[in-house]
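Report on the structure given below.
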Amino acid sequence: MTDRRRLVIVFVVDGLRPDCITREDTPTLHRLRAEGVDFAASHAVVPTVTRVNAATLATGAQPGTSGLLGNQVYLPGVDASRALDTGNHRNLLALDQATGGRLLLVPTLGERLHARGRRLVAVSSGSTGSALLLNPRAVAGVGAVVNGSFDPGKAVAYPASVSEAILAKIGPAPPRPAGGARYDASVTWAERVLREYVLPELTPDVVINWLTEPDPSQHHVGVGSPESRAALRHDDAEIARVLESLEDLGLADRTDVLVASDHGFSTNTGGVDVTRALVEAGLKAAPGSADVILASSGQAVALHVRDRDGERIARIARFVQSRDWGGVVFSAGRAPGEANGVAPGTFALDLIHAASAERGADLLITFPWTSAPNVHGVPGTDLACVSGGARLYASDHGSLSPWNVRNTLFAWGPGFKQATTVPVAAGNVDVTPTILTLLGLDGDAGAGLDGRVLAEALVNGPDPEQVAQETRVHTVEAGGYRAAVQISIVAGRRYVDKAWRAA
């Protein structure tokens, strides 16, 4: 290799809680975290679901800025009758076409690099939607994105030239499993493509490598279960093989590694049919009516009210607050910068970076959570929405429980300090600006990004113990209902720690 430019690889291990990294199950990840920089207070963005955080990792923007606000999204210009599942890349391509190329409302990391003559390649074994969000302009030849399920056996990447090369060299991806089986084979295929084709032949500057496990295993059989731990062991072995390939390719001494998860995980103790409850309360005409559209993110639900009817919004908020399954509720802010929402007893959507005049919901509701352990000894329980026949998983995410907000993030490589813990808030929103700085593109690192450069983790950066943090707790009351949101602020950036119903 004659090109000595720095390479950055981001391993995104879907649903990996930081307390699931152990010397026994994940020796490679355990070593990297111990040797590198551990962001001990890292945050997913809200709602704490896959596609929202995929968009944030790919842009350095909060959900309200990127316009990707849930695992389901409601855009009446695309479909006025229902919310769209963002897990299907075809829905995202339709959304992009219907909005004139505005799938995401901000430039992506892939686009920023392309404009500087650099290349981002995303390699994912996750859903086709989460894969596309990592580099949506790859369809037009901006870098590349790999996923074996785009059109199984026919198209496994964008652009088409990359897909054809992978099919010729590696072959098609194995079928995605059904019935709760582990996705180990899908992970193995994607990692082989990364090792044998992407790194040596595409020579990217940045790789976002998405490993879909242990998310499916945790959903189906529970976080901390023997099955999810086995899936993590498989992930860890595959990451070790990628690191070995960097040595073989002569890339190891110039490669910086970040390991992240899109969100944490918690155990479901029950399901709530929010649609049925609203219909029975006279707040929605019928399950399929368009007067109130639900967009579910598992343990959080966005509600879009026809004509943004303020009276109905307030009535729904009061109803949710009166139910034992009602958690913290968010609505449009009373005024710019205010923490309280317009509906009594609600917080402002902007407080959690979920406000969007163009795409935002009228209400975002969550459910009560606890820190009780599950049968495997893993703390954190919640409820989840089961409207529309949605399955109640063993474990889930989406809420503002700290067990879902707190995600994995650590860094290792020549650009980072060694054996260092960062105690202040950081998160997925900070990954893109930090990558840009590592690549020497400092001018882009502060341009239109919501995240901050994690300078305290960089070689010659400030002492992490000397980085200031402010923590605030906001409260609301409405009758006998009380709720709280805790926020941490670092370098002017606001991180959502947790939110809970207090009474």
- Message: If each residue of separation counts as 0.36 nm, what is the full-extension length gain between Leu392 and Ala98 once their alpha-carbon separation is subtracted?
- Response: 102.6 nm
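Hey, with R₀ at 60 Å, roughly what FRET efficiency would Ala503 and Lys169 work out to, going by the Cβ-Cβ distance, to 0.05?
Working: r = 60 Å, r/R0 = 1.01.
The computed FRET efficiency comes out at 0.50.
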- Message: Limiting things to C-alpha atoms, what are the Rg and the maximum Cα-Cα separation (Dmax) for the range 353-408, in angstroms?
- Response: 13.7, 43
- Query: How large is the Kirkwood hydrodynamic radius of the range 141-205, in angstrom, based on all distinct alpha carbon pairs?
  - Reply: 12.1
- Task: Could you state the angle between the C-alpha long axis of helix 226-248 and the longest principal axis of the C-alpha atoms of the chain, as a value from 0 to 90 degrees rounded to the nearest 10?
- Result: 40
- Item | Kirkwood-based Rg to Rh ratio, the range 76-132, C-alpha trace | 1.04
- Separation between the Ala419 and Asp291 pseudo-spin-labels, each 7 Å from Cα along Cα→Cβ, expressed in nm? 6.6
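Out of all DSSP beta bridges with both ends in the range 100-240, state the antiparallel percent to the nearest 5. Could the numbers behind the result be given before it?
On the way: 3 of 12 bridges.
Antiparallel bridges: around 25 percent, rounded to the nearest 5.
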- Message: With bins 5 Å wide starting at 0, give me the P(r) of the range 18-138 over every alpha carbon pair, in whole percents.
- Response: 2, 10, 18, 19, 18, 14, 9, 6, 3, 1, 0
- Item | Estimated [θ] at 222 nm from DSSP helical runs (n ≥ 4, -39500 (n - 2.57)) normalised by residues in the chain, nearest 500 | -7500 deg cm²/dmol
- the range 357-463 - Debye-derived log10 I(q)/I(0), Cα point model, q = 0.17, 0.19, 0.20, 0.21 Å⁻¹: -0.95, -1.01, -1.04, -1.08
- Query: Taking the simple approach of a point 7 Å from Cα along Cα-to-Cβ for both Thr471 and Asp79, what is their distance in nm?
  - Reply: 4.2
- Message: Nothing charged except the Cβ atoms of Lys and Arg (+1) and of Asp and Glu (-1): what's the magnitude of the dipole of the chain about its Cα centre? Round to the nearest 20 debye.
- Response: 700
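Using only the alpha carbons of the range 1-54, what is the convex hull's orientation-averaged projected area in square nanometres? Let's see the in-between values first.
Values: hull surface 22.6 nm².
If you wrap the Cα atoms of the range 1-54 in a convex hull and average its projections, you get 5.7 nm².
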- Looking only at aspartates and glutamates whose Cα falls under 12 Å of Lys417's and that sit 8 or more positions away or on another chain, we get Glu35, Asp38, Asp256, Glu456, Asp463
- Would you grab the residues whose amide H sits under 5 Å from the one on His376? Only those 5+ places off in sequence or on another chain, please, with H modelled 1.01 Å from N. none
- Query: Using Cα pairs under 8 angstrom and six or more residues apart, how large is the relative contact order of the range 68-185, in percent?
  - Reply: 15
- Hz values of 3J(HN,Hα) by residue in the range 103-114 - Karplus curve (6.51, -1.76, 1.60), Gly and Pro given as x: 3, 10, 8, 9, x, 8, 4, x, 5, 4, 5, 4
- Task: Determine ³J(HN,Hα), in whole Hz, for all residues of the range 256-262 in sequence, where each value follows from phi through the Karplus function 6.51 cos²θ - 1.76 cosθ + 1.60 and θ = phi - 60°; x replaces Gly and Pro.
- Result: 9, 10, 10, 10, 9, 10, 6
- Query: So what are the radius of gyration and Dmax for the Cα set of the range 232-359, in Å?
  - Reply: 21.8, 66
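What value in Å³ per residue do you get for the convex hull of the alpha-carbon atoms in the chain? Walk me through the numbers on the way to the answer.
Details: hull volume 66.2 nm³, N = 503.
Residue-normalised Cα hull volume stands at 132 Å³.
Any idea what the relative contact order of the chain is, in percent, if you count C-alpha pairs under 8 Å spaced at least 6 apart? Write down the numbers at each step before the final one.
Details: 1226 pairs, mean separation 116.9, N = 503.
Here the relative contact order equals 23 percent.
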- Message: Could you derive backbone 3J(HN,Hα) for the range 450-467 from the dihedral phi with the Karplus parameters 6.51, -1.76 and 1.60 (θ = phi - 60°), listing whole Hz in sequence and x where the residue is Gly or Pro?
- Response: 7, x, 10, 6, 7, 4, 5, 8, 7, 3, 6, x, x, 5, x, 6, 9, 8
- Semi-axes (Å, rounded, descending) of the ellipsoid equivalent to the range 453-503 per its C-alpha gyration tensor are 33, 8, 7
- Task: Give the span of the range 20-90's Cα atoms along each principal axis, as three whole-Å numbers ordered largest to smallest.
- Result: 50, 23, 17
- Message: If the reach is capped at under 19 angstrom between alpha carbons, list the aspartates and glutamates near Lys284, excluding any in the same chain fewer than eight residues apart.
- Response: Asp79, Asp273, Asp307, Asp309, Glu311, Asp362
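Every read-out reported here was derived from the displayed coordinates using simple, explicitly stated rules and does not represent laboratory data. Keep in mind that what you see is a predicted model, and the values were worked out from it rather than measured. Glycine gets a Cβ as well: all are built from the backbone with ideal geometry, and neighbour counts include every protein chain shown.
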